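The values are calculated or read from the model by the stated rules, or taken from the named source; none is laboratory data. Keep in mind it's a predicted model, so treat the numbers as computed, not measured. Glycine also receives a Cβ, built like all others from the backbone with ideal geometry; neighbour counts cover every protein chain displayed. Just so you know, the surface numbers come from the protein's heavy atoms only, side chains and all, with ligands and any DNA or RNA stripped out. Shrake-Rupley method; radii C 1.70, N 1.55, O 1.52, S 1.80 Å.
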Amino acid sequence: MANELSEKAARLGAAIAEHARVLETSPDDAPRVIQAVNALRTAALEYGTLCLDRTGWGNPLSALEEDLEEEAPEGEQYDTATVDVEAHYRIRVNDSGAVARLLAEQAQEDIEGATAADLVAQLFVRDGWDPDAYGDDVVTVVNQSWSCGPAEDA
């Protein structure tokens, strides 16, 4: 159990470091920034989930913004905002078998009879979505777009 938590913590630390590196070296490269944010978010969620699943202790990373507001010095408030981020990827799956093997090697997902869309969805959930990491022989990003703006319900 402790080894699993340590491994997830190490992955979270690596995702934080990569996020910082991308922001320092390529802050205007939206696809790379989004990729780093997604990887960091996924690593944080996986760590928090494992904490709860294995120990019964809650996610230490949940509700951080609310905690900041509660801990702000008297008379000082931190600005918070809710934004909508939408990303669209058109992916060509060049080798469904390779995707299935990736999933089978690193997770316990049931991939028997999965469609190409199912496989890509599982990759997205598993690692926060880094389609370029799999190689063009496995999947190819045909095109991608994204948008970010104020949340419509905020």
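So here's what we get for this one:
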quantity: Enumeration of residues in region 133-154 that are in contact (Cβ under 8 Å) with a residue 12 or more places away in the chain and surrounded by 11 or more Cβ atoms within 10 Å (Cβ to Cβ); calculated: TYR134, ASP136, VAL138, VAL139, THR140, VAL141, GLN144, SER145, TRP146, CYS148
quantity: Output for region 78-130, where each listed residue is in a strand (DSSP E or B), more than 20 Å from the chain's Cα centre (by Cα) and either at pLDDT below 75 or surrounded by fewer than 15 Cβ atoms within 10 Å (Cβ to Cβ) (or both); calculated: ARG92
quantity: Contacts under 6 angstrom Cβ, first residue in region 4-30 being β-branched (Val, Ile, Thr), partner open to solvent by 60 Å² or more (accessible area, probe 1.4 Å) and assigned to a helix (DSSP H, G or I), 6 or more apart; calculated: VAL22/ARG32
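Matching residues to (1) surrounded by 13 or more Cβ atoms within 10 Å (Cβ to Cβ); (2) touching a Pro at 6+ places or on another chain (Cβ under 9 Å); (3) assigned to a helix (DSSP H, G or I):
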{"residue": "LEU5", "(1), (2), (3)": "yes, no, yes"}
{"residue": "ALA15", "(1), (2), (3)": "yes, no, yes"}
{"residue": "VAL22", "(1), (2), (3)": "yes, no, yes"}
{"residue": "ASP28", "(1), (2), (3)": "no, no, no"}
{"residue": "ILE34", "(1), (2), (3)": "yes, no, yes"}
{"residue": "ALA44", "(1), (2), (3)": "yes, no, yes"}
{"residue": "TYR47", "(1), (2), (3)": "yes, yes, yes"}
{"residue": "GLY58", "(1), (2), (3)": "no, no, no"}
